Each structure stands twice: as C-alpha cells, then as structure tokens.
Amino acid sequence: MNLTDLTIAEALEKLKSGEITATELTRAYLDRIEKFGDQLNCYITLTPERALADAAESDKRYAAGNPLPLDGIPIGMKDLFATRGIRTTAASHILENFTPEYESTVSQKFIDAGTVLLGKTNLDEFAMGTFSKTSFFGAPISPYQIENKLTAGGSSGGTTSAVASGLAIGGTGTDTGGSIRFPAAITGLVGMKPTYGLCSRWGCVAFASSLDTPGPIARTVDDAALLLSAMAGYDEKDSTSANAGFYVKDRLTQIGLNKLKIGVIKEFDDVEISPDMKKLFDERIEDLKKSGAEIITVSIPNILDALAAYYIIAPAEASSNLARYDGMRYGLRVEGKDLIDTYKKTRAAGFGEEVQRRMVVGTAVLSSESYEVYFMQAARVRRLIADAFNRAFEQCDLIVCPSSAGTALPLDSDLSPLEYYALDLFTVAMNLAGIPACSVPCGLAENKLPLGMQVVGRAFDDMRVLQLAKHIEEFAGLNNKPSEIMGK
Ligand code: GLN
C-alpha cells in the first residue's frame, strides 16, 4: 500500500481500524519530502521533529480509544498562519527570522483536531501574487510534467505543490482574490474559499482584511470538507468572525441533483477561455443536466469590473496592514541615520518588488485627491456585485463557472503585472461578495494538465457548495494520485 496516496477519509478509516499508525503515515510523508522536497520547493520550513511528536500523541489517543476528529493526519500549513515557536515568514525577507509567540486560531484548531504538522508551505510574499513567484524563498513548482517547470499557482502554491505531489495529505491556504482556488484548479486539487468569516483570520498575517479568507486544499471534496470542519467556527478574537460553523463527520452526504437550479454567469460568456476549458465546462454542465439539474443563465452585470475594484481595494487595505513592518517591532531592521531613514531602509530592503508596488498603489488610492474617484468608486462596484449575486440566488440555488482561463503556465512565463492580475478574473468577485466558492477538478486538458471549475453559493451555504462540487468531482473522474503524478 502506498501510504501517501491515501485520501484523508481513507487514512482516517485505516488509523481507526488500527491497520496503520499515525507514526507510519507521518514517516511515509517525511520520507517522500526527503526525496522530492528540494525539487518542488513547496516548504519554507519543515518540522519533522514536531511531526513525529504529534504522531506519537495521536497513536496514544488511538490506542486509548479516544482519537480526535483528524487524529494523525499530516498536513502542510501555509506560512502565513502564525505558529508558536515555529518560524512564520509570509515568504518575505522582512519576516524571514520571525518566530511568533502565539498560535493562529486556524492552526490551533488543527492542533485541537489532532493533526500532524509537517511544515510551513511556500507562498507569494504576503500572499500577493498568482504563481508564488514573489516568494523570497523562490517559487514552488507543480509536480505535473516536472521537466517543464510549471507553476503550482499562487498564492497558496506551496500547499498545492505539496498536496498534489503527496508531500502532505492536505493543507491550508488563504484566498483574498483567488489564492486557494486558482492554484488548486491548475494542480488537479479541490480548493475551498469558505464564506468570509467562517474561518478566523486571527493570527493569520494580514493582506486585505475585508477579503482574506482561510480555507482548505485537498485531493478530494470529502477531504476538503473534513479539513474545513476543523478550521471553521466562531472566534471572539476576530471581530469579523461569524457565529456559524461547519461540520462533516466522515464524508459529505449526497444531495440529489434533481430540480436543483444551477446558474451560469452570462457575462463570463464574453471572456476568452481556452478551448479545453470551454469543452470540459460544457461537458460537466451536460452531466448536471442529465442528472436532472436545471441550468439557467444569471446576470452579474458588473462582474467584469471586479478585477479593477479588487486591485484598488486589496492594495489599499494592504498598504495600511503592512505599515506595521517598520523595523521597530517585528522582523528585519536596517539601521539608518535617523528614525525615518531606518523606516525607509528597512522597508526598501525587506519588501520585494510586488509588495512595494502594492504599497505605492494602495497609498495612492487612499490619498485625499484619489480617495473619492478610486477607493469609493471601487467600494460601490463591490456593493453592486454583492447585490447582483444576491439577486441571482433568488433565481437559482448555486452558480458554476470556470476557475481559470487555461492550464498551468511555465514559471518563467514573461507576464506583466497587469497580465498576472488578469488571471484572477474568475475568482475575485466572490471575495468582494464574501460568498463561498469551491474549485473542483473538471477534467484534463489536451496537454494532460488539470483544469477546475467553481461552485459558488450564497453566504453560509458552504455545505451545498461542497455537495455539488462532489457531484462534479465524480463526473470528472480525475485521477490525482500523487504516485502517478510525481512517481513512487
Ligand atoms: N492573485 C491575487 C493577488 O495577487 C490574489 C491573491 C490572494 O488571493 N491572496 O492579489
């Protein structure tokens, strides 16, 4: 048996029955990390000792007959979640040597659920990016067609690289404008951006606070639901935390497709996507129809303006959030001739180019001359989009749309900042609206690379989003066993 091919649901069954131990499972992952880790660059910090200690505790609980919900499940944690005593870098030089004295709520919940921490996964610097190339530690790569050095996506590209290659059974991401769904889509994984507020942001390095959404990345929809069950829940330490939860015991229950009304967004028809994406999306729509679902067209009139609104709001919030990195309290400090000079030198040396670009844009759109024309206008567009989704959900139960225009590109693709931003076209609107969206594999393109599509729901309808995603997963029947993608 190939332990690193097991899904979370399968591993839990075997752990419960005593067929495998948490220590065996953890060792299998550590061995595989040893073998492939450097090549993929998916972890910034590995925690093998902590992992084996966690696994030993899990085995004790199994032996005593009182295991926790995800006991012994080895995961990768995006290096944006603060972990007590373990370096937390946000993939930035400015936090390169930062070791928090506190634990983020999400990572604490994973400890409470009994998971095993393998390490902190790579990402774009402060989660700003789409290919994880802005990481101070270099980009992770996709295990698919490894000789072609394809992107594993971003910003949660370290987690997707690790999970797709079998260097973690599942993991966490954060999604501010698509950073869970885009990387999951192009690596054949399931990536769930829950409703804003369902998972606490406390202790998660802030990018754009009104958009940042922690969520799970896994190989199957059931596994994503299991991880989300551990992560979700009210947190008094996060003022935007919702008084809501999410819980699945072993696997999701199936919903019938008969008479389910599924909306397709009219405005996305005008967006150019690859012929493969179109073909696979249409095939899955046909499958849904054949199973009794009713497909209707819905309109989100301003959805194509979502990108412009996002790239004003996100940098504006980021410029304010990242003001705290001034060399005084956290991380890097480069001495200057006086206080202002120390600020300047520290920030110039500590932040990479893309983060600096966002600081400049964010500060500009919040300046008194620009606030009304840029920031307030973007906030209005955001409201129009949220309202349009609400109206669409009066006509249908759930919405589906592509996750990306095409398959993973080579890491060394020469794209301009605006071309990178345009890759978020299918994902940012759901962050602006705060609603749940799950990317699920919809098949393989002609070039044998995976593609994904999204299921989108009303706020707090996360369960049904995943239930429909599970049907699509079955229709697509993608085989994403790590041993077959990356080798044994
Ligand atoms: N690609 C988007 C950006 O660069 C989204 C990032 C994210 O969701 N964290 O801002």
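Worth pointing out:
- If you check V455, V428 for being within 17 Å of G129 (Cβ to Cβ), buried (at least 24 other Cβ atoms within 10 Å of the Cβ), under 18 Å from the mean Cα position of the chain (by Cα) and not aromatic (F, W, Y), only one passes: V428.
- Figure legend. Inter-residue proximity from the stretch 36-62: first residues on the phi > 0 side of the Ramachandran plot, second residues surrounded by fewer than 19 Cβ atoms within 10 Å (Cβ to Cβ) and modelled with pLDDT of 95 or more, beta-carbon distance below 7 Å, spacing 6+ or different chains. Indicated pairs: N41/G138.
- Considering residues of the stretch 185-205 that are in contact with an Asp or Glu (Cβ under 6 Å, 6 or more places away or on another chain), within 14 Å of the ligand (Cβ to nearest atom) and part of a loop (DSSP other than H, G, I, E, B) only, the residue nearest to A314 (Cα to Cα): R201
- Y247 meets each of the listed conditions (1) within 17 Å of D462 (Cα to Cα); (2) surrounded by 15 or more Cβ atoms within 10 Å (Cβ to Cβ); (3) modelled with pLDDT of 95 or more apart from (2).
- Scanning the stretch 30-41 for any residue that is at pLDDT 95 or above and farther than 28 Å from G138 by Cβ turns up nothing.
- Among (1) within 12 Å of the ligand (Cβ to nearest atom); (2) aromatic (F, W, Y); (3) part of a loop (DSSP other than H, G, I, E, B), the one test that F182 misses: (3)
Okay, residues lined up against (1) at pLDDT below 95; (2) in a helix (DSSP H, G or I); (3) under 12 Å from C401 (Cβ atoms):
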position	(1), (2), (3)
I273	no, no, yes
M277	no, yes, yes
D282	no, yes, no
L288	no, yes, no
D305	no, yes, no
S319	no, yes, no
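- Which listed residue, of V465, V428, V440, is among the β-branched types (V, I, T), in contact (Cβ under 8 Å) with a residue 60 or more places away in the chain and under 17 Å from A314 (Cβ atoms): V428
- Scope the stretch 206-237; condition in a loop (DSSP other than H, G, I, E, B), of a type outside the set (G, A, S) and away from the ligand (no atom under 16 Å from the Cβ); matching residues: R219, T220, Y234, D235, E236, K237
- Test: residue in the stretch 103-113 that is more than 16 Å from the ligand (Cβ to nearest atom), over 23 Å from Y29 (Cα atoms), in contact (Cβ under 8 Å) with a residue 24 or more places away in the chain and hydrophobic (A, V, I, L, M, F, W, C): no
- Annotation: of all residues in the stretch 292-323 being under 15 Å from R358 (Cβ atoms) and not hydrophobic (A, V, I, L, M, F, W, C), the one that is surrounded by the most Cβ atoms within 10 Å (Cβ to Cβ) is Y310.
- Helices (runs of 4 or more DSSP H) wholly inside the stretch 338-397 containing at least 2 residues that are touching a residue at least 24 places away in the same chain (Cβ under 8 Å) and aromatic (F, W, Y): 377-395
- When residues of the stretch 392-448 are limited to those that are of a type in the set (D, E, K, R) and within 12 Å of the ligand (Cβ to nearest atom), the one farthest from A469 (Cα to Cα): E419
- Close Cβ contacts (under 8 Å, 6 or more residues apart or on different chains) running from residues in the stretch 308-323 that are among the aromatic types (F, W, Y) to residues that are not in a helix (DSSP H, G or I) comprise Y310/G177; Y310/L211; Y310/D424.
The values are calculated or read from the model by the stated rules, or taken from the named source; none is laboratory data. Since this is a predicted model, take the numbers as computed values, not measurements. Don't worry about glycine lacking a Cβ; one is built from the backbone with ideal geometry, like all the others, and counts go over all protein chains shown.
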